[in-house]
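The structure follows.
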Amino acid sequence: MKKWVFLIGAGLLSISCFGQNIALKSNLLYDATTTINLGLEYALSDKLTLDVSVNFNPWVFPQKEVDQRGDVISKYDGKFKHFMVQPELRWWLCEKFNRHFIGVHAHYGDFNVGGLSFLPTGWGDHHNDGIQNKRFDGWLAGSGVSYGYHLLVSSRFSLEFTLGIGYTYLEFDKFDCDKCSTEKISSSTMHYFGPSKAGISAIFMLK
């Protein structure tokens, strides 16, 4: 995972050296989840741009299980570790980096997530078998379409709002995180259709 972050980050920085109009951005929604993220968008023509975002979360969150009396039964590390890269080709209705755009994106990621009390149970499993009580370690890939709006604040600073829907394929192994077990319970795949991108981004323009 660290190798992927280094290679993609180096590639984005090298690309930026040749751009005429380049936007450097951070997704505030990802920032709120403690996810380190960086986006670079550069112009291909007057109405076409390429946006590439990289997101990385290496953190663990100490968790504990208590009984009805409030006594601690067990302690373990909840995980929200993941890495994702999401390139998007954008067509602007007016002009690049101004107002409305329509995008086509792809995404790839690795994840190791589970044992977090603040996350919804879900993930298509039965009660006590979801993401709060189990750990999921795997990868995902997919694509989608999006709509967004670029709001100019000044000649250098902007805000961007975007939302996308699409398809994602996932492969993952499931573990019992309550017991801090490394023994695999099962392996599964999933086909997901729904929201695939969301962002409220702060942007600094490089010219």
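Where residues in segment 21-42 are at pLDDT 95 or above and small (G, A, S), which of them is most open to solvent (accessible area, probe 1.4 Å)?
Here the residue is S26.
Another question, if that's okay. Can you give me the number of residues within segment 152-185 that are without any contact (Cβ under 8 Å) to a residue 24 or more places away in the chain and more than 15 Å from V113 (Cα to Cα)?
So the answer is 3.
Further, regarding this structure: Provide a single number: the residues in segment 113-149 that are open to solvent by 30 Å² or more (accessible area, probe 1.4 Å), modelled with pLDDT under 95 and assigned to a strand (DSSP E or B).
Summing the residues that are open to solvent by 30 Å² or more (accessible area, probe 1.4 Å), modelled with pLDDT under 95 and assigned to a strand (DSSP E or B) in segment 113-149 gives 2.
Does K197 meet the test of being surrounded by 12 or more Cβ atoms within 10 Å (Cβ to Cβ) and of a type in the set (K, R)?
So K197 fits the description; yes.
Looking only at segment 151-159, decide whether some residue is buried (at least 18 other Cβ atoms within 10 Å of the Cβ) and modelled with pLDDT of 90 or more.
Yes - at least one qualifying residue is present in segment 151-159.
The values are calculated or read from the model by the stated rules, or taken from the named source; none is laboratory data. Source: prediction; values computed, not measured. Reconstructed Cβ throughout: ideal geometry from the backbone, glycine too, with neighbour counts over all protein chains shown. Note: accessible area is taken over every heavy atom of the protein model, side chains too, but ligands, DNA and RNA are not part of it. Shrake-Rupley method; radii C 1.70, N 1.55, O 1.52, S 1.80 Å.
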